[in-house]
Every structure is written in structure tokens, then in C-alpha cells.
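Presented below is the structure to which this report refers.
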Amino acid sequence: MAINLRLTSLPLRALAGLLLAILAMQATAKVIRTPAKPVRDPAKLVRDLKLKSSSVLIIDQSDSSVLYSRHSDVPMPIASITKLMTALVVLDAKQPLDELIQITDADRNLLKGDFSRLAVGTVLTRGDLMHLALMSSENRAAHALGNNYPGGMPAMVAAMNAKAAELGMVSAHFVDPTGLSSQNVASPEDLTKLVIAASHDPSIREYSTDRRYAVKVRRHMVEFHNTDNLVANPAWNITVQKTGYINEAGKCLVMAAVIEGRPVVIVLLDSTGKYTRVADAKRIKTWMEASANQRLQVSLR
């Protein structure tokens, strides 16, 4: 729109005011004309996830909605994820966590060449053994929990399978409390139920997410560390976690965590490569952050 004014006839102060008003109008028009940042396609967000684990399930724990799924109903070996079930049945039996238990020759696994810093003869409390089993995946600790279960190892395994049935883990099956046997199997759908049940217990939450823990082995204090380095990352809010590995299962990781305010359960099975399961977890976190940003953009439009 043309402005037909003889600018030279205006007083200097009025001229300056007019020019400022015109500049303000132009700036406002420029802001209005700036297009909004496009919202990313949800389907493309999923395609960009590119997880490397063979079987994956991500659910929102608040409403049980499935955020991502791949082969989630297929049972497969779960390795040391088993130890979450071991801890659950010990706690269900209400065995005292301060009771002393000795590591014996029966807790060694010679077939798998199991390495352990818990020497035969080490005496620890049941709570210490559970702590080491969940945090650093100590196999002798988990085996000792089974050997000292009421009725011994057969009763322990029976209790594990009964608990699986109680939780609705329809394809799960357990034969030992460590996960060293490839016959310990479950689907990702089964494992989300196990993780949720485990997350309700304060001892499992504390032990599984502890960064390090020291116990006395013979006459020396020995420090153990968490097998999941994500628990030391301040960017993560992990409620409960467990790693696992045997040749037949590949690298495995399950966790309950809060990401972008959403309580989620993540199951990653049969990851190839030393760092793949952790990298997959990080990809999921980045993906959920991008999804949350997308929802925010939509709500602001």
C-alpha cells in the first residue's frame, strides 16, 4: 500500500515516529510470513530407529501400549535375564536377606567354564548374593540362592516356573537360576511382565541399578561393578535393569526406565556385537525424545 505523504513537510519528531511504525509493521509481517517447522512423519520416525537386536519390544507401562515391536512373541534363550526371576522367587519365599550362605563346590559350573571372583568357601548374606547376581550377573551367587532355597534346586526351579505362569508368561520356561542354560527361554512379551513385576520390589530396584558393591571374599574386600554402564549415565532414569549373555542368546538387555516423562519397558534380545544392546537402548531414547518433540509441535500448532 502506497503512503502518499510529503515527508519533508513533517516535523522531524513526527517523521521519526512514522518511520519506526513502518519498520514495526514490516517486522510483524515477516514473522507472520515465516512458515512453521514441519512436523516429522511418525512412520518415518519408526523407520529411522534401525535397531540391531533380533527381538525387540517397547511398551508404555502406564497404559500397556506397544511403542515398537519386532518378533515380540517368539520365545528364545534369555541368559542372565533369568536372575530377575531368581530374585523374585527368593523374595516371595520371604527368606531372610541377612542369613549367611556359603559358596560351595556345588555352585561352580564346570561345563560352561564359568569365571567367578566368589571363591569356594566365601560366606555372604543372602542379600549380598542377590545384590551381586542382579548388579554384576554373578552366576555363583545366583546358584547359591537356588541351592539354599527351601527344598533345594528342584524346588527353586519349580517355583520359577510357577511364578512365570502366575505372571502370564505363557511361553517362558526355566531350568536353572543363573541363565547359563540355553533352555531358559521367554519371549519379549513374557519379559515385559517379568520386568514390571521386578520393578515393584524395592530390593530388586536398588540392587539391579547399583553402580558398584564390595563384599569380603576370604580376607579381602572385592569390588564388583554393574554390567550395564547405562546406570552410571545421568541422562538415564532407570528403575530396574538386567543384562544377559550366552552364545545361544546373544547380548540381551531389559529395563524399566522413564524417558521424556513416560514409564517404559524395553526388551532387547539377541544383539550382535559387544556394544549393540547399549547402542540400541540409546537409539530408543533418542527416538522417544524426537517423538516427544513431535507431539509438542503438534500441540502448539
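Bear in mind these aren't lab numbers, they're just calculated from the coordinates by the rules spelled out. Just so it is clear, the structure is predicted and the values come from calculations on it, not from any experiment. Heads up, the Cβs are rebuilt from the backbone with ideal geometry, glycines too, and the neighbour counts pull from every protein chain shown.
Counted by Cβ distance under 13 Å from Met130, the other residues give a net charge of -3, where Lys and Arg count +1 and Asp and Glu count -1.
Arrange Phe174, Phe115 by Cβ neighbour counts within 10 Å, fewest through most, would you? Present the calculation step by step, with values, prior to reporting the outcome.
Details: Phe174 26, Phe115 8.
If I rank by nearby Cβ atoms, fewest first, I get Phe115, Phe174.
Model label sites at Ser64 and Asn109, defined 7 Å from Cα along the beta-carbon direction, differ in position by 3.3 nm.
Legend: ranking of residues Met130, Met76 from fewest to most surrounding C-beta atoms inside 10 Å; resulting order Met76, Met130.
Put one equal scatterer on each alpha carbon of region 42-296, apply the Debye formula with no solvent term, and list log10 I(q)/I(0) at q = 0.16 1/Å to two decimals. Evaluating at q = 0.16 Å⁻¹ gives log10 I(q)/I(0) of -1.14. Computed from the alpha carbon atoms alone, the convex hull of region 93-172 holds 110 Å³ per residue. For region 194-256 and region 55-76, what is the separation of their Cα centres, given in Å? Centre-to-centre distance over Cα atoms comes out at 21 Å. Note on region 149-276: Cα convex hull, mean projected area over all directions, 9.6 nm². Per residue, the convex hull around the alpha carbon atoms of region 71-215 comes to 104 Å³. Summary value for region 212-285: 19 percent relative contact order, contacts being C-alpha pairs under 8 angstrom separated by 6+ residues.
Between Asn229 and His200, the modelled labels are 3.5 nm apart [label points 7 Å from Cα along Cα→Cβ].
Net charge within 10 Å of Lys83 by Cβ-Cβ distance, Lys/Arg positive one each and Asp/Glu negative one each, not counting Lys83 itself? Walk me through the numbers before you get to the answer.
Numbers: positive: Lys242; negative: Glu138.
It works out to a net charge of 0.
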